[in-house]
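Scroll down for the structure; my scribbles are underneath it.
The values are calculated or read from the model by the stated rules, or taken from the named source; none is laboratory data. Remember, predicted model here, so these are calculated numbers, not experimental data. For neighbour counting, all protein chains shown are included, and Cβ atoms are generated from backbone atoms with ideal geometry for every residue, glycine included.
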Amino acid sequence: MNNDHLLEKTIQFVKETLHDAEGGHDWFHIERVFNTSQMLLKQESADALTVQLAALLHDIADPKFHQGDESLGPKMACSFLEAEGVNKNTIEHVVKIIQHMSFKNSLDGDGEEFTSKELEIVQDADRLDAMGAIGIARAFNYGGFKNRALYDPSIPPNLNMTKEEYKASKAPTINHFYEKLLLLKEGMNTETGKKMAQERHLFMLDYLERFYNEWNGKE
């Protein structure tokens, strides 16, 4: 199977699997991450097929929507790629990227260490989609999906969460800016990703200033 046909089949598989997904983690999120990964690939030396497959499959079964099961996504990706006859080494690399790219995995420093240029590219693309205008929209969409408060001044952000605390959090959506979104800039890997993250970071800061002013009746 040539790579173009494999990518077409992967796209179809992801679209079908995520047909009813929550709006911030649906096919359009995957498409944005895929497109950003393609853009970053032009600036970085990496295996294109591994990046493309990992970008398409990275959220095939997000643990948030599967009772916290972090093994399901890698298993589904592996099974799909094996059925399509993909090279074993490529499958192993894609699975490792899926297992290691999540922000929450950076909160506890006791996990298996893994790094590659392909992981860096897909991770940057995914993190960029959690920042800026899209990141703000996704945060509030998920907060609404979970019936969370927009903001509660009596509930301060938890800036020292463990991975388990992060997974179990039910805090207002505004807290998520401080507990994740505003931290992403410092975790970017590629030079292009860092530049893009800086712009999106500043946009989020401007948004928060406006939010608090409107909340307090100042604007």
Within the stretch 25-76, track down each residue that is of a type in the set (Gly, Ala, Ser) and either farther than 23 Å from Gly135 by Cα or more than 14 Å from the chain's Cα centre (by Cα) (or both). Ser45, Ala46, Ala48, Gly68, Ser71
Restricting attention to the stretch 154-169, and to residues there that are within 18 Å of the chain's Cα centre (by Cα) and not in a loop (DSSP other than H, G, I, E, B), which single residue is surrounded by the fewest Cβ atoms within 10 Å (Cβ to Cβ)? Ala168
Filtering the stretch 179-219 for residues that are outside any helix (DSSP H, G or I), under 25 Å from Tyr166 (Cα atoms) and basic (Lys, Arg) leaves a count of 1
Please go through the stretch 18-60 and pick out each residue that is in contact with an Asp or Glu (Cβ under 7 Å, 6 or more places away or on another chain) and of a type in the set (Asp, Glu). Asp47
Taking the condition surrounded by fewer than 17 Cβ atoms within 10 Å (Cβ to Cβ) and at pLDDT 90 or above, does Lys96 pass? no
Examine the stretch 170-184 for a residue that is surrounded by 13 or more Cβ atoms within 10 Å (Cβ to Cβ), of a type in the set (S, T, N, Q) and at pLDDT below 95, and state whether such a residue exists. no
Here are some conditions: (1) under 30 Å from Leu41 (Cβ atoms); (2) touching a residue at least 24 places away in the same chain (Cβ under 8 Å). Ala149 meets all but one. Which one does it not meet? (1)
Between a residue in the stretch 16-45 that is farther than 13 Å from Glu118 by Cα and any residue that is among the hydrophobic types (A, V, I, L, M, F, W, C) and part of a loop (DSSP other than H, G, I, E, B), which pairs come within a Cβ distance under 6 Å, given they are 6 or more apart or on different chains? Thr17/Ile60; Asp26/Leu18; Trp27/Leu18
Considering the stretch 14-59, residues that are among the acidic types (Asp, Glu) and surrounded by 15 or more Cβ atoms within 10 Å (Cβ to Cβ), and then whichever is modelled with the lowest pLDDT, we arrive at Glu22
Does the stretch 121-132 include one or more residues that are acidic (Asp, Glu) and free of Cβ contacts under 8 Å to residues at least 12 places away in the same chain? no
So, in the stretch 122-153, of the ones that are in contact with a His (Cβ under 8 Å, 6 or more places away or on another chain) and outside any helix (DSSP H, G or I), which residue ends up surrounded by the most Cβ atoms within 10 Å (Cβ to Cβ)? Met131
